[in-house]
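No lab work stands behind these numbers, since they all come straight from the coordinates. Note that the structure is a prediction, hence the values are computed from the model and not measured. Cβ sites come from the backbone with ideal geometry, for glycine too, and all protein chains shown count toward neighbours.
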Amino acid sequence: MVGNHKNSFIFSFKKMKKFILNLLIFLFILFIYMGLNVLVNFIIWKNQKPPLKEATTIIAGDSHPMTSLNPKLLYNTINISQGAEPYVLTYWKLKEILMLNKIDTLILGFAPHNISEFNDKKFLNKFYSNEMFKRSYFIGEFIETNNLIEFDKKELINVFIRNTCLFPKLNHINYLGNYDSINESNLSNLHSDVKRHYYDKNIKLGVSKISVKYLNRIIQICNKNNIEILLISNPVHLNYYKKIPKMIIKEYDNLKKEFANKKIFVFDRTDFFYDDSLYANSDHLNYNGSIIFTKQFKKAKNDF
Amino acid sequence: MLFNSIDFAIFLPIVFILYWFVTKKSLQLQNILLIIASYIFYGWWDWCFLSLIAFSSFVDYLIGIQLSKTEATEKRKLLLLTSILVNIGFLGFFKYFNFFAENFASAFTLLGGNFEASRLDIILPVGISFYTFQTLSYSIDVYNKKLEPTSDIISFFAFVSFFPQLVAGPIERATNLLPQFYIKRKFQYHKAVDGMRQILWGLFKKIVIADNCAELANEIFNNYSDHSSASLALGAIFFTFQIYGDFSGYSDIAIGTARLFGFNLMQNFSFPYFSRDIAEFWRRWHISLSTWFRDYLYIPLGGSKGRIWMKVKNTFIIFIVSGFWHGANWKFVVWGALNALYFLPLLLTNKNRKNLNTVAVGKWLPSFRELLSMSITFMLTVFAWIFFRAENLNHAFEYLLNLFSNPETFFILKSYSPHKLIILILCVFILIEWVGRNDKYALEKLGFRRNKKFRYLLYYMLMFSIFWFGGKSQEFIYFQF
């Protein structure tokens, strides 16, 4: 009886060993395959140079500079702005670009919504995080900024696996945007845009310390590399402007003064309202609006 | 703890190793380990509600003991009533209190009175509808003398809280699961491999099918007024696959996990969308709940015996109660009633047990007649799911109005093109399910029919598609019930 029990135990143990061994082999092959892909993708990325097409001036920021500054009207300029981009991501982009390129001017979007706290949730919010991680899985300094920026770790892992572990990908530079010309004009989005930029579940958002901190870091990195920095804000619709919380406007004005003291050119046209036909929506310019704005910016820059 | 989380991926191997290596020599120790693991698994959401499970388990354990000591009918009835009151009482309080208070206030106001409903800020404990029904089945079976009451408190607590099926089923019967805690489990290689395979298939259903469909269904249902009829029809179909992938995927993971520990749980889904009529659909959808209601409600009410009005009444009761079980909202009641309406013609014409076997047995393709019956049943189901998915009845009716406002778009292929990838994935999924429709889950026979290389290749492909096509993680739908 005891012998039978012992035999059955040994048999069961052998089966268990076989099960665990097979499972480990299965997972080992999987991890090796994934690990090799990460290595190959990392090498591909390290050997890629951001295609700036010999441009010496770059326009960076979110959808505002993306739609309001037409690089064709400016000398040797490329627009690399991407929708919803927070300053944290612009800073990472810039660091990466400067490692392999030489530029002399940075035109950066600087509008009241850029310093709103809604930017702090870009790596956490389901709506934005996936896209933000897609742009930054190799360039993001997530470990260093762990205590400063809240981010969805699970989503970051998902995006990282999808982009680096499954097969070799020829392009890992997902952080370069372009000028976006919009021909339509539709002002019906006013409420949703104001809500998105300045409110969270109907509670007014404050000033983002992280955004201000990273804006200053961008200025620092420009100074360090002898890059002239120009800050711009395109006109928004009067009805949109009226709904921007006072607290944000106040901090925005303070920052403008601070930058003016540092001799930084700030081309703020937020409250220089255009005709309705020149807006793509309540806070973005359409193609015609961008032509006017780019020309005004060029003139003001020359006069500066 | 979610099955599709990193937490669970760490938790499961730890419990598995402790179970088979550390506590293997003692059945008691293994059961204690399962209780601890189950309480940790549940406590990952909220430790506070563990007391609820413990209390419910303790009450039913005591009632079982008391039932074994008495033959007096009155006393036995009183004991059963206590168990029902405790379990349904918890469920009623946490799940239905606000619903009844609000509806009572509305009815009172309609009659001319002035009554302000006081709403309680109650959090619904995860899985309460599942484990209360499981413990209740024990008391009822002991009362009906179908089951010997247990004196082994550890086995009983492990049975109630068994983590693979604790929060979303299958709702196990004590007659099936409880005795498995009394006997020593032996590690069986094929059972464990089969369990792993079922877990993988469940994860595929949840992460690839359900999560992807959920993103699209949510977008369409939340902004229904911006979509064409074709798009709204797709929204309803996406939800149809979301709920199937989500819930049957959960069941597959639960059953597979239980198999790793040497347990056999009941089958909860049997390819319901290949059903040829609604009666067959309900024999294949959420089997553990349907059979629970059949055995503990429908049959005690008289079942399908008696006159026509009796059949009609019982059918409506069982479907409406089943709908209401899903949540305190009139939309679930309408969903249940709609299914009763679908079912009644079959019952009254004695055709409800016409399709007992699997469709097209031994054939590759169904006949035209079978295809037509499956399509009609599927469409009826999709229509009913609109009520289930909508936020409330108003939302459901508005969705339906928009759905039929420009039906000509149903035939414009371009309307479907933005979703071609997910449609393609769904087609592949349906094909795999069709091939495996005779088994307990689609990949069950893979181990017997194919060689090792082919199997491994398929497993890697499944894992690859989980990583590549996996949608944004969504919570399991049935957690809210």
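Given the C-alpha atoms of region B:322-452, compute the convex hull and give its volume per residue in Å³.
So the per-residue Cα hull volume is 187 Å³.
In the calculated pair distance distribution of region B:6-185, what percentage of Cα-Cα distances lie above 22 Å?
It works out to 53 percent of all Cα pairs.
Give me the percent of DSSP beta bridges within the protein assembly as shown that run antiparallel, rounded to the nearest 5.
25 percent
Which of the aspartates and glutamates could a cross-linker bridge to A:Lys102, judged by Cα under 20 Å and excluding same-chain residues fewer than eight apart?
A:Glu54, A:Glu228
Can you list the DSSP H helices in chain A whose Cα atoms extend at least 15 Å along the helix axis and whose mean Kyte-Doolittle hydropathy is -1.0 or higher?
The qualifying helices are A:2-46, A:87-100, A:209-224, A:246-261, A:287-303.
Which entries of A:Lys93/A:Lys299; A:Lys14/B:Lys24; B:Lys191/B:Lys363 have Cα-Cα distances beyond 21 Å here?
Checking Cα-Cα distances, A:Lys93/A:Lys299; B:Lys191/B:Lys363 exceed 21 Å.
Which whole-number percent of Cα pairs in region A:48-303 have a distance greater than 32 Å?
More than 32 Å apart: 18 percent of the Cα pairs in region A:48-303.
Given the -39500 (n - 2.57) contribution per DSSP H run of 4+ residues, what per-residue ellipticity at 222 nm results for chain A, rounded to the nearest 500 deg cm²/dmol?
Helix contribution divided over all residues of chain A: -16000 deg cm²/dmol.
What fraction of the DSSP beta bridges in chain A is antiparallel, stated in percent and rounded to the nearest 5?
Around 25 percent of the beta bridges assigned by DSSP in chain A are antiparallel ones.
Work out the charge dipole of the protein assembly as shown with +1 on the Cβ of Lys and Arg and -1 on the Cβ of Asp and Glu about the Cα centre, then indicate which of B:Asn352, B:Thr315, B:Phe410 is farthest towards its positive end.
So the residue we want is B:Asn352.
If the limit is 32 Å between Cα atoms, which of B:Lys146/B:Lys351; A:Lys95/A:Lys169; A:Lys53/A:Lys134; B:Lys354/B:Lys414; B:Lys331/B:Lys445 go over it?
B:Lys354/B:Lys414; B:Lys331/B:Lys445
When the scattering of region B:4-63 is computed by the Debye formula from its Cα atoms alone, each counted once and equally, what is log10 I(q)/I(0) at q = 0.23, 0.26, 0.30 Å⁻¹?
-0.98, -1.04, -1.13
If neighbour count is taken as other Cβ atoms inside 10 Å, put B:Val428, B:Val15 in order from fewest to most.
B:Val428, B:Val15
Nearest 5 is fine: what % of DSSP beta bridges in region A:104-260 come out antiparallel, could you say?
Here the antiparallel bridges make up roughly 40 percent for region A:104-260.
Hey, how many Å between the Cα centroid of region A:18-69 and the Cα centroid of region B:228-277?
Between the Cα centre of region A:18-69 and that of region B:228-277, the gap is 34 Å.
On a C-alpha basis, how far is the centre of region B:129-167 from the centre of region B:309-355 in Å? Whole number, if you could?
Comparing the Cα centres of region B:129-167 and region B:309-355, I get a distance of 27 Å.
Please state the charge dipole magnitude for region A:48-303, taken about the Cα centre, from unit charges on C-beta atoms (+1 on K and R, -1 on D and E), reported in debye and rounded to the nearest 20.
Roughly 360 debye, rounded to the nearest 20.
How much length is gained if the chain between A:Leu24 and A:Leu238 is pulled fully straight, taking 0.36 nm per residue apart and subtracting their Cα-Cα distance, in nm to one decimal?
70.7 nm
If each residue's Cβ is checked for other Cβ atoms within 10 Å, how do A:Asp62, A:Asp200 rank with the fewest at the top?
Starting with the residue having the fewest Cβ neighbours, the order is A:Asp200, A:Asp62.
Taking a cut-off of 17 Å between Cα atoms, list the aspartates and glutamates near A:Lys224, but don't count ones fewer than 8 places away on the same chain.
By straight Cα distance, A:Lys224 reaches A:Glu96, A:Asp104.
Over the Cα atoms of region B:356-400, how large are the radius of gyration and the largest Cα-Cα distance (Dmax), in Å?
Values for region B:356-400 (Cα only, Rg and Dmax): 15.4, 46 Å.
For a quick size check, give me the Cα extents of region B:296-335 along its three principal axes, largest first, whole Å.
Largest to smallest, the principal-axis extents are 31, 19, 8 Å.
Quick check: the distance between the Cα centres of region B:11-47 and region A:175-227, to the nearest angstrom?
49 Å
Using a Förster distance of 25 Å, how high is the FRET efficiency between B:Ile423 and B:Phe454, based on the Cβ-Cβ distance and rounded to 0.05?
0.40
Calculate for chain B the 222 nm mean residue ellipticity that helices alone would give, adding -39,500 (n - 2.57) per DSSP H run of length 4 or more and normalising by residue count, nearest 500 deg cm²/dmol.
Result for chain B, helices only: -20000 deg cm²/dmol.
Gaussian network model of chain A, Cα springs within a sub-10 Å range: biggest mean-square fluctuation belongs to which of A:Leu170, A:Leu23, A:Leu73?
Of A:Leu170, A:Leu23, A:Leu73, the most mobile in the Gaussian network model is A:Leu23.
No solvent, one uniform scatterer per C-alpha: report log10 I(q)/I(0) for region A:48-145 via the Debye equation at q = 0.11, 0.14, 0.23 1/Å, two decimals.
-0.33, -0.54, -1.30
Suppose every K and R has +1 on its Cβ and every D and E has -1 on its Cβ; what is the size of the dipole of chain B about the Cα centre, in Debye to the nearest 20?
My answer is approximately 2120 debye.
Let me test this: with uniform point scatterers at the alpha carbons of chain B, what is the Debye-based log₁₀ I(q)/I(0) at q = 0.05, 0.13 1/Å?
Results for chain B at q = 0.05, 0.13 Å⁻¹ read -0.20, -1.42.
Give the value in nm², to one decimal: projected area of the alpha carbon convex hull of the protein assembly as shown, averaged over all directions.
The number I arrive at for the protein assembly as shown is 41.8 nm².
If you put +1 on each Lys and Arg Cβ and -1 on each Asp and Glu Cβ, how big is the dipole of the protein assembly as shown around its Cα centre, in Debye rounded to 20?
The calculation lands at about 2820 debye.
Per residue, how big is the convex hull around the C-alpha atoms of region B:121-201? Give it to me in cubic angstrom, could you?
123 Å³
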